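Note sheet for the following structure.
Every read-out reported here was derived from the displayed coordinates using simple, explicitly stated rules and does not represent laboratory data. A quick note: this is a predicted structure, and the numbers were derived from the prediction, not measured. Note: ideal-geometry Cβ built from the backbone for every residue, glycine included; neighbour counts use all protein chains shown.
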Ligand SMILES: Nc1ncnc2c1ncn2[C@@H]1O[C@H](COP(=O)(O)OP(=O)(O)O)[C@@H](O)[C@H]1O
Ligand SMILES: [Mg+2]
């Protein structure tokens with residue numbers, strides 16, 4: 001398998017708060033990887049470091065064999081990594097279609113962008129219906145769909161999802177995870193998904209990492225993690 | 001009634017310069033939450049640049065060249081002076097703009113001296129022999145209401161800036177990216193927008209728009225170092241009235257302030273026009289704290 005992301009012994013901090021203390025993980029082409037852990041474990045910081053929003057103080061981040069730990073966030077998007085941030089962060093004052101167009105900001109292939117827009121609309125038909133509405137008027141679930149659609153518009157080869165289930169009703173969460181699974185299969189897209197709800201993420205992932213206070217406490221296949229006692233106790237029950 | 005109409009027309013003429021300055025203030029405020037108190041002095045300074053260009057070329061080439069130069073001065077200021085204090089509390093940035101105000105004032109005094117300089121009215125727009133006579137010629141009259149050609153021209157220029165900015169913000173990818181940056185910088189970075197570049201662009205645009213206000217002011221008065229001081233205050237009032245984050249609001253706010261000022265000066269006392277204008281603004285802000293067209297009361301920090 002071809003390695004898409006290599007994250008090796010990475011340290012990162014916010015001022016004096018150490019968020020990552022030697023995290024290592026890998027994502028291969030086309031696979032879904034779960035990143036689990038309690039609140040404050042460093043999951044979001046890991047994604048922020050991959051996207052270039054947080055600079056690592058030590059360690060190596062590679063995307064498709066190229067170092068990106070000193071690369072600007074906008075360049076990283078252009079290289080093929082999109083993040084759906086925690087709390088969605090849609091442009092609430094802009095329309096749905098403007099949000100999606102912004103997703104394709106780094107692209108110059110106008111024709112392909114139009115096709116991708118149609119594809120996003122087939123994954124999330126509700127976005128097509130509401131394309132002229134302000135994003136802020138969408139429900140929480142619809143905004144999550146918009147955030148994912150916006151990230152897909154960049155035509156990424158690695159998608160980072162930060163707690164897509166946050167604040168959503170269970171039935172919507174299941175729907176969104178089904179679509180995420182489908183997108184990964186159909187697009188051959190590698191996905192690194194952060195979740196507090198482990199059973200959801202392990203349902204679509206092939207393997208997963210468990211973070212504890214900025215380090216990797218466990219790494220195993222999704223099936224083994226589902227069976228693991230410590231994971232069950234901490235995150236599944 | 002005709003007297004009233006005349007005053008509204010005069011107010012709108014004066015207000016169109018306030019509107020342009022208000023627009024410049026809003027361009028910076030909406031993307032950085034910083035009120036640029038140096039906006040007026042920057043405009044004054046760039047108008048001195050126009051004046052030195054005018055020794056060598058015609059009015060409109062000098063004007064266009066000034067806009068380009070002002071754009072780069074504005075962008076450079078953002079990169080060199082504002083960026084280092086970007087992450088500090090906004091008050092720090094605002095104090096820095098006060099420093100810029102003093103610097104532009106002193107440098108202009110040192111380079112160009114304290115004396116007023118005569119400044120020409122803009123030429124009419126001509127292509128070959130056919131001219132659009134909106135800057136020079138006899139005043140326009142309708143009944144007892146008159147408005148000078150120059151004022152018509154200034155209004156026209158204000159309108160053009162508005163339309164150009166409207167088209168840019170609403171119909172171009174760059175404009176969409178600038179709006180996105182103002183609304184949510186982190187999300188903008190995550191879609192691949194170079195946020196720093198957008199901020200520099202915002203300052204550049206504001207300086208360019210301000211330069212237009214400076215040239216129009218110098219055309220209707222004379223070129224002097226203190227010509228923008230009062231205009232900045234009225235322009236700022238217009239921006240606040242319009243809601244500080246709305247370009248359309250800035251225009252309407254600026255025009256309204258001009259009209260208030262003339263009406264108050266005429267019906268109450270010309271000595272208190274400043275105070276009366278502010279009284280009205282104060283009342284509006286008490287009733288509508290976000291201004292007439294503003295949406296957000298509290299900005300992200
Ligand atoms: N902006 C920030 N400033 C300071 N500390 C932060 C910031 N964001 C996160 N942290 C700290 O970094 C650690 C990891 O946080 P985070 O990566 O958000 O965890 P998770 O996403 O797993 O909940 C926590 O101790 C958190 O308090
Ligand atoms: Mg988090």
| field | Nitroxide proxy distance, nm - points 7 Å out along Cα→Cβ at residue A:109 and residue A:122 | value | 1.7 nm
| message | What's the ranking of A:79-87, B:37-45 by average number of surrounding C-beta atoms within 10 Å, highest first? | response | B:37-45, A:79-87
| task | At 0.36 nm per residue, minus the direct Cα-Cα distance, what do residue A:29 and residue A:3 gain on full extension? Give it in nm, one decimal, please. | result | 8.8 nm
| task | Compute the acute angle (0 to 90°) between the alpha-carbon long axis of helix A:140-152 and the principal axis of greatest extent of the alpha-carbon atoms of chain A; round to the nearest 10°. | result | 90 degrees
| query | Rounded to the nearest 0.05, what FRET efficiency do residue B:3 and residue B:197 have when you use their Cβ-Cβ distance and R0 = 51 Å? | reply | 0.50
| query | How crowded by other chains is B:166-178, given as the mean number of beta carbons from other chains within 10 Å of each beta carbon? | reply | 1
| query | Averaged across the residues of A:90-102, what count of C-beta atoms belonging to other chains lies within 10 Å of each residue's C-beta? | reply | 4
| query | Using alpha-carbon positions, what is the distance between the centroids of the range B:3-20 and the range B:159-206, in Å? | reply | 30 Å
| the range B:182-204 residues near the modelled residue B:174 label - backbone nitrogen below 19 Å, point 7 Å along Cα→Cβ | B:182-183, B:189, B:192-204
| remark: So residue B:83 and residue B:121, fully extended at 0.36 nm per residue minus their Cα-Cα distance, gain in nm 9.9 nm
| Chain lengthening between residue A:178 and residue A:14 when straightened (0.36 nm per residue, less Cα-Cα) | 55.6 nm
| query | In percent, what relative contact order does the range A:89-144 have, based on Cα pairs under 8 Å that are 6 or more apart in sequence? | reply | 57 percent
| request: Compare the peptides A:41-52, B:64-75 by average per-residue count of other Cβ atoms within 10 angstrom and give them in order, highest first. | output: A:41-52, B:64-75
| message | Between 0 and 90 degrees, rounded to the nearest ten: what's the tilt of helix A:110-123 against the longest Cα principal axis of chain A? | response | 70 degrees
| Mean projected area (nm²) of the alpha-carbon convex hull when chain B is viewed from all directions | 17.0 nm²
| message | Roughly how far apart, in whole Å, are the Cα centres of the range B:21-97 and the range A:103-157? | response | 37 Å
| task | Over chain A, calculate the relative contact order: mean separation of alpha carbon pairs under 8 Å at least 6 apart, over the residue count, as a percent. | result | 28 percent
| message | Taking each residue in A:46-55, count the Cβ atoms of any other chain within 10 Å of its Cβ, then average. What number comes out? | response | 1
| query | When the C-alpha atoms of the range A:89-144 are aligned to their principal axes, what extent does each axis show, in angstrom, from largest down? | reply | 31, 21, 17
| query | So how do A:71-77, B:202-208 stack up, highest first, on mean other-Cβ count within 10 Å? | reply | B:202-208, A:71-77
| remark: Summing -39500 (n - 2.57) over every DSSP H run of at least 4 residues in chain B and dividing by its residue count gives a helix-only mean residue ellipticity at 222 nm, to the nearest 500 deg cm²/dmol, of -23000 deg cm²/dmol
| query | Cα centroids of the range B:100-154 and the range A:1-67: how far apart, whole angstrom? | reply | 59 Å
| field | Relative contact order (%) - chain B, alpha-carbon pairs under 8 angstrom, separation at least six | value | 36 percent
| query | For the protein assembly as shown, what is the percent of antiparallel DSSP beta bridges, rounded to the nearest 5? | reply | 60 percent
| Descending Cα extents along the principal axes, the protein assembly as shown, whole Å | 89, 50, 47
| remark: With a Förster distance of 56 angstrom and the Cβ-Cβ distance between residue A:223 and residue B:107, calculated FRET efficiency to the nearest 0.05 equals 0.20
